[in-house]
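Okay, so here's the structure we're looking at.
The values are calculated or read from the model by the stated rules, or taken from the named source; none is laboratory data. Please read all numbers here as calculations on a predicted model, not as lab measurements. All Cβ positions, glycine included, derive from the backbone under ideal geometry; neighbour counts span all protein chains shown. Just so you know, the surface numbers come from the protein's heavy atoms only, side chains and all, with ligands and any DNA or RNA stripped out. Shrake-Rupley method; radii C 1.70, N 1.55, O 1.52, S 1.80 Å.
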Amino acid sequence: MRPIQFLVMSGIFMLTGCDSPSPQFMHPDTATRQVTVDGSTFSVHQRENWVEVYRTNFELTPRGSVILARAHQAIEQATGCMVVEGTLSGDQAIQRAEIDCGT
């Protein structure tokens, strides 16, 4: 294996294993659940009415709009709450949203 191939493969393997939440979600009250939607696997971190979501599987060139739609479904499956309209943001790897778990 050439050095550049080794570096690329090492980077891919390191990135696909990352799902540690950001500091505001590193709290004892944070609930974490794994959800798979249409082949995309997400780690959903919920604290109060906010979620931070990480896609943890490898997908070759995933489209952002497709991943956001799947993340929306994953959030609602994992939390049992509705995503507040207009709050879901992110990219193919990390997404954030506000959720409504009201009555």
Per-region count, region 55-103, residues in a helix (DSSP H, G or I) and touching a residue at least 60 places away in the same chain (Cβ under 8 Å) | 0
For Ser65, all conditions in the list (1) out of contact with any strand residue (DSSP E or B) (no Cβ under 7 Å at 6 or more places or on another chain); (2) polar (S, T, N, Q); (3) surrounded by 20 or more Cβ atoms within 10 Å (Cβ to Cβ) hold save one; what is the number of the exception?
-> (3)
Where Pro21 falls short, out of the listed (1) in contact with a strand residue (DSSP E or B) (Cβ under 8 Å, 6 or more places away or on another chain); (2) modelled with pLDDT of 90 or more | (2)
Within region 8-16, identify whether any single residue is at pLDDT 70 or above, more than 11 Å from the chain's Cα centre (by Cα) and open to solvent by 100 Å² or more (accessible area, probe 1.4 Å), and answer yes or no.
-> no
Selection count, region 82-103, where residues are over 20 Å from Gln24 (Cα atoms) and at pLDDT 95 or above | 3
Complete set of residues in region 77-93 that are open to solvent by 50 Å² or more (accessible area, probe 1.4 Å), within 15 Å of Val35 (Cβ to Cβ) and not small (Gly, Ala, Ser) = Gln77
